[in-house]
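The values are calculated or read from the model by the stated rules, or taken from the named source; none is laboratory data. This structure is a prediction, so every number in the text was calculated from the model and none was measured. Note that we place each Cβ from the backbone using ideal geometry, even for glycine, and neighbour counts take in every protein chain shown.
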Amino acid sequence: MSITEAEAKAKATRTGLTAAGWAVVAAVLLARPSLGYVFAEPFVQNWSTIFLSLTLQALPFLVLGVMISAGLAAFVPASWFAKMLPSNAALAVPAAGAAGMLLPGCECSSVPVAGRLVSRGVAPAAGLTFLLAAPAINPIVLVSTYVAFPGAPQMMVARLVASFAVAVVVGWLWARFASPDLIEQRLRQAVEDHSHSHTFRETAMSDFLQAGGFLVLGAALVATMQTAVPSSVLDTLGGDGVVAILSMAVLAVVLSICSEADAFVAAGLTQFSMTSRLVFLVVGPMVDLKLVALQVAAFGPRFARVFAPLTFITAVVVGTIVGTVLL
């Protein structure tokens, strides 16, 4: 299957998932007043309340992140990033991490941006550091984390410290040990004759379709866990131990929630320790199912087989250390 065919198939899947997800949101909103007898049931009432609160709290941050990401794609050429980064790989890695902190972008858009950077002469380690940092520690993500944890502002600080450290460590490890032939240039060349408005519109729609469905899915899963799963099970998985940390790390990979919204999902998982929830927030924007698929499409399967496990292990270790110290 060609990249174009794969993109078309993925877009159709995202469209269907997003449409179904927002149909569920609309149905719950509209049905609550008219079907009061149904929502009077404690289970349904609790589920719908948790589901709607998570979704509607996260939605403004998701939309804002999508708009900024689309603006970057439309109006800031990849060559600008290439000119701003040092040529020395050791210095370019932390500089790329800082650039990711200052320039918001969805994790879905960070993969093609990193691909353009590498194709235009930026050291691969720096491009990959940007890929990890941009969706994890940009201002929208940090503000949403602060809002999601109103009684624990240290969570935002811990997320910033841990995610930046993971991005830089992975970048330096890649610069030191990775073979250059691990990266394949599979991205299509950018179409130069598209207008800024066309690029903005297409990028915004694609990012929203990518992220919106997973946001609704994640909110529904958390609501189901909180209402249907016996508290004894969550108490067993939760707490302060290694099991809780690994459970949240794996959950982050599976849920694939947009980084602008994942803090609200983590905040709802109150049975889990703050450190394990921090690991969830560090792992999610860097390693999840949709990101691995995008990385395979952009850089090849050999790249993903090395990069994804390296990032996952580093994120779990660094997140646990930072969480233990700061939380």
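For this structure, a couple of remarks:
- Yes/no for residue 238 being modelled with pLDDT under 80, crowded, with 19+ Cβ neighbours inside 10 Å and either over 19 Å from residue 144 (Cα atoms) or aromatic (Phe, Trp, Tyr) (or both): yes
- Taking residues in segment 287-306 that are within 20 Å of residue 134 (Cα to Cα) and touching a residue at least 60 places away in the same chain (Cβ under 8 Å), and partners anywhere that are surrounded by fewer than 18 Cβ atoms within 10 Å (Cβ to Cβ) and of a type outside the set (A, V, I, L, M, F, W, C), the pairs with Cβ atoms closer than 8 Å and at least 6 places apart or on different chains are 297/7; 297/186; 298/186; 299/184; 299/185; 299/186; 303/184.
- Only one of the listed residues (277, 302) is at pLDDT 95 or above and of a type in the set (D, E, K, R). That residue is 277.
- Tallying residues that are of a type in the set (A, V, I, L, M), surrounded by fewer than 24 Cβ atoms within 10 Å (Cβ to Cβ) and in contact with a Phe, Trp or Tyr (Cβ under 9 Å, 6 or more places away or on another chain) within segment 246-262 yields 3.
- Yes/no for residue 257 being at pLDDT below 90, in contact with a helix residue (DSSP H, G or I) (Cβ under 7 Å, 6 or more places away or on another chain) and of a type in the set (Val, Ile, Thr): yes
- Residues (within 21 Å of residue 100 (Cα to Cα), among the aliphatic types (A, V, I, L, M) and crowded, with 18+ Cβ neighbours inside 10 Å) located in segment 143-159: 155, 156, 158
- Within segment 283-290, one or more residues are of a type in the set (Lys, Arg) and under 13 Å from the mean Cα position of the chain (by Cα).
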